[in-house]
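Here the structure comes first, spelled out in structure tokens, and everything after it is commentary.
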């Protein structure tokens with residue numbers, strides 16, 4: 001699956017939040033001012049569909065879009081890409097970085113260890 005832009009991710013977040021198929025106009029209505037032009041929004045949505053993130057149902061000349069990839073799948077894939085790109089595919093290096101930056105506590109690490117041990 002291809003990467004997405006920040007604008008595409010905004011649209012995906014709207015669709016994930018709605019958790020149902022919706023029309024472009026409904027997506028557009030979810031934006032606060034200044035709203036993007038609806039044609040621009042349609043173009044971005046078609047791009048997401050081409051990339052495999054969305055699909056649609058046709059109703060006459062209108063399309064109702066729905067997500068093909070869950071937010072959880074997207075988060076997992078994105079995390080794997082970051083770990084691959086910046087930590088040489090080493091989860092240990094990524095977690096070590098979080099520990100040294102004090103972004104994760106000892107209690108949180110213990111909780112992770114408990115999760116791993118229970119999973120075995």
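Any read-out appearing in this document is the output of simple, stated calculations on the displayed coordinates, not a laboratory observation. Small disclaimer: the values here were computed from a predicted structure and weren't measured. Cβ coordinates were reconstructed from backbone atoms using ideal geometry, including for glycine residues, and neighbour counts include every protein chain displayed.
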- Item | Three principal axis lengths of the range 6-67 [C-alpha, angstrom, descending] | 29, 22, 20
- Task: Any chance you could give the angle, 0 to 90 degrees and rounded to 10, that helix 6-18 forms with the longest Cα principal axis of the chain?
- Result: 80 degrees
- Task: Counting helices only, and only those DSSP H runs with n ≥ 4, report the 222 nm mean residue ellipticity of the chain as the sum of -39,500 (n - 2.57) divided by its residues, in deg cm²/dmol to the nearest 500.
- Result: -19000 deg cm²/dmol
- Item | Mean Cβ neighbour count within 10 Å, used as a protection proxy, ranking 29-39, 3-13, 50-60 highest first | 3-13, 50-60, 29-39
- For the chain, find the longest principal axis of its Cα atoms and tell me its angle to the long axis of helix 91-100, 0 to 90°, nearest 10. 80 degrees
- Rank 83, 44, 95 by mean-square fluctuation in a GNM of the chain with C-alpha springs under 10 angstrom and give only the top-ranked residue. 95
- Message: Between 0 and 90 degrees, rounded to the nearest ten: what's the tilt of helix 106-119 against the longest Cα principal axis of the chain?
- Response: 80 degrees
- Diagonalise the Cα gyration tensor of the chain and give the resulting equivalent ellipsoid semi-axes, square root of 5 times each eigenvalue, largest first, whole Å. 36, 15, 14
- Item | Expected-Rg normalisation [2.2 N^0.38 Å, Cα atoms] applied to the range 71-119 | 1.24
- Item | All Cα pairs of the range 38-99, percent lying beyond 19 Å | 50 percent
